[in-house]
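Below is one structure, written out as structure tokens; comments come after it.
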Amino acid sequence: MSKFLSSRFDGLEAYVPGEQPQDQQYVKLNTNESPFPPSPAVLAAINADEVSRLNLYPDPEGKALKRKLADFYGVAPENIYLANGSDELLNFFFMAFCDKDRPVAFPAVSYGFYPVYASLYGVPATAVPLREGFRLEPKDYRGIGKNIVIANPNAPTGRTISVSEIEEIVRTNPNNAVLIDEAYIDFGGDSCLELIHKYDNLVVGQTFSKFRSLAGGRLGYGIGSPGMIADLELMRYSTNSYNISRLTMAAAISTLDSHEYYANNSRTVQANRAYTVEELGKLGFETLPSKANFIFTHCKAVDGGTVYRKLKEKGVLVRHWDKPEIADWCRVTIGSRAQMDVFLDKVREILKEAGQDA
Ligand SMILES: *Cc1c(COP(=O)(O)O)cnc(C)c1O
């Protein structure tokens, strides 16, 4: 840190992304990427023609992509905000709607970026504890009178709440902005998207990074009332008006044309999830019910940090946090059946080694 950094950022602790090793081949189950490449149509769309137009700026309004998304979700283009990854949507949500007089509440165990944005913008933040079994209790947010950010399914737990429970939260906080982060909604959960037609204080955030195999393309979007979308656009045009690259827009349009390919991949991931949970159960692991492309799991025999470290030594990356309430747990991305079999084999080895040590 230099002496030039503004004192506004005193004490700011940045988000730490999952490891992205560029050198060694790991079975990579640590950042919830899809094990499947983008669809053949997407590969074809990023062709020499598209690349040859990279001398030109992209459409700052993203009209073609917004129209495509609007048709896909049965909303108007005015309901859609395009973001450079849904992390950017989160950034602009905090920038636009939260300040020292408009505090924010989010679950104490959730996506690690929420407290970072609160800190970045000097927003008082309430971390609402989860209940037994990392269950989110909707009543804890009923009429809370603060802006609210909830991931549904929650990360890293994978647990969901119902659309009617979300509606209760949105309805009872009419003077506060609510962001429901649905990064993982397409792995078996129910989207609350329909609520945007009824409530003007809701933004639903989704991403192309997980279900749509486009993490490297960086594309997220928010869907909400035209008023809130206009506020987000104000933030974007005051920060970076060309936030989505030409190639990413072309890839995204072909992605939406290939919906069946991705829906099929999601069914495979859900089947692999059920298989992994069942096999882990046989090994004495307890796993939370997940509607995401990852599971949150632990066992009595070996602590979470050790499982993480030993798996890494054996070439399998999962995610582990040193936070006391979750230090015993690991989050494991659901990959292909072959990847999950390697993971399960390594877990069996680790349990065996732990037994021999005892
Ligand atoms: C992965 C993730 C995001 C961000 O995804 P982007 O790649 O920035 O679109 C947002 N929220 C949650 C809960 C996530 O897990």
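The values are calculated or read from the model by the stated rules, or taken from the named source; none is laboratory data. Computed from a predicted model, the values in this text were never measured in an experiment. All Cβ positions, glycine included, derive from the backbone under ideal geometry; neighbour counts span all protein chains shown.
In table form, for the structure just shown:
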read-out	value
Checking residue 95 against (1) touching a residue at least 40 places away in the same chain (Cβ under 8 Å); (2) within 15 Å of the ligand (Cβ to nearest atom); (3) not β-branched (Val, Ile, Thr), the condition it does not meet	(2)
Which numbered condition residue 6 fails, given (1) within 25 Å of residue 268 (Cβ to Cβ); (2) free of Cβ contacts under 8 Å to residues at least 12 places away in the same chain	(1)
Looking only at segment 12-62, and only at residues there that are within 16 Å of the ligand (Cβ to nearest atom) and farther than 30 Å from residue 310 by Cα, the one that is nearest to the chain's Cα centre (by Cα)	38
Residue in segment 159-171 that is more than 16 Å from the ligand (Cβ to nearest atom), at pLDDT 95 or above, under 22 Å from residue 266 (Cβ atoms) and surrounded by 16 or more Cβ atoms within 10 Å (Cβ to Cβ) present	yes
Of all residues in segment 113-142 being outside any helix (DSSP H, G or I) and of a type in the set (A, V, I, L, M, F, W, C), the one that is nearest to the ligand (Cβ to nearest atom)	136
Scope segment 172-202; condition within 13 Å of the ligand (Cβ to nearest atom) and either closer than 19 Å to residue 140 by Cα or assigned to a strand (DSSP E or B) (or both); matching residues	179, 180, 181
Residue 126 vs. criteria polar (S, T, N, Q), over 21 Å from residue 235 (Cα atoms), assigned by TED's automatic domain parsing to the domain that holds residue 171 and touching a Leu at 6+ places or on another chain (Cβ under 8 Å)	no
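Let's see how each residue does on (1) of a type outside the set (Asp, Glu); (2) in contact with a Leu (Cβ under 6 Å, 6 or more places away or on another chain); (3) without any contact (Cβ under 8 Å) to a residue 24 or more places away in the chain:
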residue	(1), (2), (3)
22	yes, no, yes
35	yes, no, no
49	no, no, yes
58	yes, no, no
62	yes, yes, no
66	yes, no, yes
